[in-house]
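Comments concern the structure below.
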Amino acid sequence: MASADTPNNAIAAATGLSRPTVIAMRASFMSGGVDAVRRRHPCKRSRRVLTPELEQRILDTTLKTRPPNATHWSVRTLACHLGITRTLVHGVRQRHGVQPHRVERFKVSKDPHFEEQVRDIVGLYLYPPDRALVLSVDEKRQIQAPGRTPPILPLRPGLPERQTHDYKSHGATALFAAFNILNGKVIGRRQSRHRSRGFIQLLNQLEKQLPADQDIHLTMDNGCTHKSAQVQRWLKPKKRKRFHFTSTSSSWPHQAERLFGLITGRMIRRGTFHCVEESE
């Protein structure tokens, strides 16, 4: 059929073979005649079977060694180093959950009262005192009101929303908030600046809105606005209010931080504002 100038696609359809097989057979015939077609050719690539020993070697090399010119073994560099295919390396890593290309950072608190303070705050969340309110108090400073200079290109099928990297700031504000962990209600106020005076105004607002016959426990971080002399003078005659501070470098027990994270992710990070009032 080939000698009759029949195309490879037609030969494959007539013989029931694939087009690459037809091309390979024609190439073998051109190089060695009929004997070359009948002869079985060895595979150029050595196919290694995944054995328990090879799997353990892949894991040990990934976890216990480093390449000479990099910080970790990639799939391709490890496959080349061990003389196997990258498919084997990828399968072993995926099965055991090994991800050397990823890094997660953490910070250990050096506060000597770390355990005591964590137990105090988590205990308030789980087992609040009888006839008492537990509020998580914090402030989010420097909330920008960014306005994009060119118009935003809207979301389309196959394309994400696109906006320029530069923006024009229309001012900044600070948000003071008290988060009730029991029912999710928030009592807050906006301030133009982040100062102890704004924190005291929030405390006065809580004094007016909350029941007078209940003790109030306020959890907060170690910010300077929470420990200033003005705040201490305000707190001294208030017997029913108690402050509970988180440990240094350990804001994760602070529920108000999570609240501000939701506000940033859902409304501020991708928002476009023309004035500070719109960001409220």
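Only the coordinates and a few stated rules stand behind these numbers; no lab work does. Quick caveat, the model's predicted, so the values are computed rather than measured. All Cβ positions, even for glycine, are placed from backbone atoms using ideal geometry, and neighbour counts span all protein chains on display.
Determine the calculated [θ] at 222 nm for the chain from helices alone, applying -39500 (n - 2.57) to every DSSP H run no shorter than 4 residues and normalising by the residue count; nearest 500 deg cm²/dmol.
Per the formula, -11500 deg cm²/dmol.
Could I have the simple spin-label model distance between S74 and R156, label points 7 Å from Cα toward Cβ, reported in nm to one decimal?
Going from the S74 label point to the R156 one covers 3.3 nm.
Which order do peptides 125-138, 96-109 fall in by mean Cβ count within 10 Å, highest first?
Details: 125-138: 16.5, 96-109: 9.7.
The densest-packed peptide leads the list: 125-138, 96-109.
Using 0.36 nm times the number of residues separating L82 and T51, minus their current alpha carbon distance, what extension gain do you get? If you can, show how the numbers build up before the last one.
Values: separation 31, 0.36 × 31 = 11.16 nm, distance 1.37 nm.
Additional length available on full extension: 9.8 nm.
Which of the peptides 205-216, 165-176 is most tightly packed, and how do the rest follow, judged by the mean count of other Cβ atoms within 10 Å per residue?
On the way: 205-216: 12.4, 165-176: 14.9.
Result, highest mean Cβ count within 10 Å first: 165-176, 205-216.
Straight-line reach from K140: which aspartates and glutamates have Cα under 13 Å away, leaving out those fewer than 8 places along the same chain?
D221, E257, E280
Enumerate the whole-percent occupancy of each 10 Å bin, from 0 to the last occupied one, for all C-alpha pair distances of the chain.
Final binned percentages: 5, 17, 15, 14, 16, 11, 7, 7, 5, 2, 0.
Please work out how much length the chain gains when fully extended from T264 to V108, using 0.36 nm per residue of separation minus the C-alpha to C-alpha distance, in nm with one decimal.
On the way: separation 156, 0.36 × 156 = 56.16 nm, distance 2.52 nm.
Fully extending the segment from T264 to V108 adds 53.6 nm.
Across segment 214-228, in residue order, what do the Karplus-derived ³J(HN,Hα) couplings come to in whole Hz, using 6.51 cos²θ - 1.76 cosθ + 1.60 with θ = phi - 60° and x for Gly and Pro?
Running phi through 6.51 cos²θ - 1.76 cosθ + 1.60 with θ = phi - 60° gives 10, 6, 10, 10, 10, 9, 7, 8, 9, x, 5, 5, 8, 10, 5 Hz.
If the reach is capped at under 16 angstrom between alpha carbons, list the lysines near K227, excluding any in the same chain fewer than eight residues apart.
K236, K238, K241
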